[in-house]
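Notes follow once the structure below has been shown.
A short reminder: the numbers here are calculations on the coordinates, not readings from a lab. Just so it is clear, the model here is predicted, and its values are computed rather than measured. Cβ sites come from the backbone with ideal geometry, for glycine too, and all protein chains shown count toward neighbours.
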Amino acid sequence: MKHNLKTILSTVSTFKKNGDKSKQVKKRILYNQAPIGGLHINYFWLTFIAMPFIEYAAIFNPVVFPMLGIAQAVVFFIIFLSIVMILIFALYAFNNRVVIDGIKSSFEEYFPGVDVKLILTSSHSPYADFFKAYSLIAGDDLSDEELHEKMKEAMKKMEDENSELLEAMNRSRA
């Protein structure tokens with residue numbers, strides 16, 4: 001399924017209008033599936049926050065607690081809480097993988113030869129300033145074509161500024 005550029009960018013970033021245009025767009029930690037037909041990010045946050053409380057209610061209720069006793073209840077809570085933390089990490093990784101897989105083909109149509117993971121990485125990449133460039137034009141209410149052209153220009157500028165890094169990355173792939 002083909003997604004437009006604004007949809008692609010809304011899955012991996014948030015926009016909040018403020019006085020400093022370079023800080024209007026921030027990269028999401030947990031990507032949003034809603035723009036590409038999945039669950040909204042709020043459902044994931046609600047699940048993450050509710051899990052420890054649900055576990056607490058399941059262990060320390062009037063039926064289970066007398067059967068376990070205080071020591072076993074605390075041990076069970078700690079053990080299950082670590083399982084919940086692992087489950088939260090797994091859901092986080094699965095959600096982000098689903099979003100990346102959903103936007104990858106559309107992103108490659110807009111920016112051929114550029115891997116979407118290079119845009120989203122936290123480490124240094126030739127496209128580290130992608131979200132800064134997007135932030136400067138995000139509030140301008142541009143059409144998808146205008147946005148694509150401006151982002152293409154910004155990507156070209158980033159490639160020129162980081163040509164040595166890009167060449168080294170291409171050499172290591174070959």
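For the chain, adding -39500 (n - 2.57) for each run of n ≥ 4 DSSP H residues and dividing by the number of residues yields -22500 deg cm²/dmol at 222 nm. Descending by average beta-carbon neighbour count within 10 Å, the peptides 66-78, 26-38, 89-101 line up as 26-38, 89-101, 66-78, the highest first.
Listed by Cβ neighbour count within 10 Å, with the fewest neighbours leading, F130, F48 appear as F48, F130. Backbone amide hydrogens, once placed in the peptide plane, bring S13 within less than 5 Å of R28, excluding anything fewer than 5 places away on its chain. Relative to the 2.2 N^0.38 Å rule of thumb, the chain has a C-alpha radius of gyration ratio of 1.37. Sort out for me the Cα centre separation of the stretch 59-109 from the stretch 33-53, rounded to whole Å. Between the Cα centre of the stretch 59-109 and that of the stretch 33-53, the gap is 13 Å.
Neighbour counting of Cβ atoms within 10 Å sorts the residues H40, H124, H3, fewest neighbours leading, into H124, H40, H3. Cβ-Cβ distance of R173 and E146, R₀ of 41 Å, FRET efficiency by 1/(1 + (r/R0)^6): the value works out to about 0.80. Fully extending the segment from I86 to E109, taken as 0.36 nm per residue of separation minus the present Cα-Cα distance, adds 4.8 nm. Between E161 and K26, full extension at 0.36 nm per residue minus the direct alpha carbon distance yields a gain of 46.4 nm. Partners of K156 within straight-line reach, counting aspartates and glutamates whose Cα lies under 13 Å from its Cα and excluding those fewer than 8 residues away in the same chain: D129. Multiplying the residue separation of M1 and F15 by 0.36 nm and removing their Cα-Cα distance gives an extension gain of 2.6 nm. Sequence-distant contacts, meaning Cα pairs under 8 Å at least 6 residues apart, place the relative contact order of the chain at 28 percent.
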